[in-house]
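Before any comments, here is the structure.
The values are calculated or read from the model by the stated rules, or taken from the named source; none is laboratory data. Not measured: the values here are computed from a predicted model. Note that we place each Cβ from the backbone using ideal geometry, even for glycine, and neighbour counts take in every protein chain shown. Heavy atoms of the whole protein, side chains included, go into the accessibility calculation; ligands, DNA and RNA do not. Shrake-Rupley method; radii C 1.70, N 1.55, O 1.52, S 1.80 Å.
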Amino acid sequence: MSFYEHVRADVLRHGAINNTYLTRFQAGEVTDREFREFAVELYSFARFFPRILAAQLVNTEDEAVADELTKVLYSELGDGIVKHRHELLYRNFLRSIGIDIHDAMHTPMKPSTRAYIQGMERLYSSRHHATALGASFGLENMAITMWDHLIPGLAWLKQVRYPRMDMTYFTFHRQLESSHERAMEHAMEAVGGTGVKVDATMSEQEQRDFRFGMNAVLDYLEGFWMGLERKASGFRRSRPLPARQLASELRGQSH
């Protein structure tokens, strides 16, 4: 297996997309309170993700990688169509289930949500390009599986409890994710991350940095879901790393 195939397989096995909360959500087994909490907490991701992507872009030296990151950021902003801006689509979702935008914006984030957002910010803006690329790779390659858990649950909730729910944010993302995965594959190709070129182009240290970024962002995402899971007695609470500890480890990385 190539390095690309190995790390992609690791993503698909991770608890970020294989956990009790997503399994329960997929079946629509959430209370109204849990659903509203989910909607408000995930809004933090929708709001801040473009800023996180922009930080990665402006800190990327490799122009071929920057080209692929630009495509992802441009997609987040609607590919030039204002009404397709992803955060706006999420606002439409919130309104459709009776959540006021002002209230959603000013509700304090759960500690697990804040750790996820701050962790992404540090990872994506890391001065170690392989760490930032690994984080982006991890997030984009888990996305299809995540949407395939969320959308069936949302569809069930729409049918039985929220008939006016606007699911466009979720279904639109699901349609786009294949192109985002390809962008990450092309970015890895640019630094020798696929096929036989990896041993010649990506050093062992860069591979370690890449895996660090990938696993760290997925650990944070797992923590985000477990922060919403009220029945998480079996969760390994030593994960994810607190944002302060992660920042220290990022500063301590060296090539």
Exercise. Can you tell me the Rg and Dmax of the range 1-150, counting just the alpha carbons, in angstroms?
Worked result: 16.4, 49
For this session: Counting other Cβ atoms within 10 Å, keep those with at most 13, restrict to DSSP loop, and tell me which trypsin sites (Lys or Arg not before Pro) in the range 51-139 are left.
Result: ARG127
Exercise. What percent do you get for the relative contact order of the range 12-168 when only Cα pairs under 8 Å and 6+ apart count?
Worked result: 39
Problem set entry | Accessible area, probe 1.4 Å, largest first, for residues VAL160, VAL217, VAL58, VAL40 | VAL58, VAL160, VAL40, VAL217
For this session: List the GluC sites (Glu not before Pro) within the range 10-54 that fall in a DSSP loop (any state other than H, G, I, E or B) and whose Cβ has at most 16 other Cβ atoms within 10 Å.
Result: GLU29
